[in-house]
1. Once amide H atoms are built 1.01 Å from N in the peptide plane, which residues 5 or more positions from K111, or in another chain, come under 5 Å H to H?
2. How much length is gained on full extension from R10 to N138, taking 0.36 nm per residue of separation minus their Cα-Cα distance?
3. Hey, can you rank 57-69, 10-22, 120-132 by average C-beta count inside 10 Å, highest first?
4. Run the paramagnetic zone check for T116: 7 angstrom along Cα to Cβ, then residues of region 35-66 with backbone nitrogen under 13 Å.
5. From the phi of every residue in region 100-109, what ³J(HN,Hα) in whole Hz does the Karplus formula 6.51 cos²θ - 1.76 cosθ + 1.60 yield, where θ is phi - 60° and glycine or proline is x?
6. Which is farthest toward the positive dipole end of region 18-79 among Y59, F43, L19, measuring Cα position about the Cα centre, with Cβ charges +1 (Lys, Arg) and -1 (Asp, Glu)?
7. Would you kindly derive the ³J(HN,Hα) couplings of region 75-90 from the backbone phi angles with the Karplus curve 6.51 cos²θ - 1.76 cosθ + 1.60 (θ = phi - 60°), listing them in order in whole Hz, with x for Gly and Pro?
8. Label-point separation (nm) for N61 and S83, each offset 7 Å from Cα along Cα-to-Cβ?
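Laboratory data are not the source of any read-out in this text; all were calculated from the coordinates shown. Computed from a predicted structure; not experimentally measured. Positions of Cβ are backbone-derived with ideal geometry, glycine not excepted, and every protein chain shown enters the neighbour counts.
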Amino acid sequence: MKTRGFEIARGFEDKNINLPIRKTKFSAGYDIEAAEDIIIEPFKPGINPTLVKTGLKAYMNDDEYLMLCNRSSNPKKKGLVLSNSVGIIDADYYGNPDNDGAIMFAFYNIKKEPITIKKGEAIGQAIFMKYLTTDNDNASGVRTGGFGSTDKK
């Protein structure tokens, strides 16, 4: 029986995607790599963040989520910041019909020049976390889509 882990997302099966690993025994995060080369242009007001594909999806228990965090060196060395500060991947995102639960990092480039990320380059880290619910919680909705779908009416 599977508890939690990473798999290659649909459409990336033949792209030589590396499954994330922890680099040290006490690391909290699994290092995540870019699935393809991409250029992130400098930030301009009104532009959307650049979504960097990982080619991964994650499965986990119902009371867990995957927290996506920036690499500590990204802001200073590359000028890359996560547009949402921290990404949250819910357990029911896995295998959704829209995008199979494919994980992406949403970056802004705060430097003046474009930044190139190469396939296989570490872009962030992912940490599996437990969460709690309130006494009166009665959430009963069912995910019907992928990225950004939980706020669709």
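1. F43
2. 42.9 nm
3. Ranking, from highest mean packing down: 57-69, 120-132, 10-22.
4. So the set is 37-40.
5. Ordered by residue, 3J(HN,Hα) equals 6, x, 4, 8, 9, 9, 9, 10, 10, 9 Hz.
6. F43
7. x, 6, 7, 10, x, 9, 10, 6, 5, 10, 6, 9, x, 10, 10, 7
8. 3.3 nm
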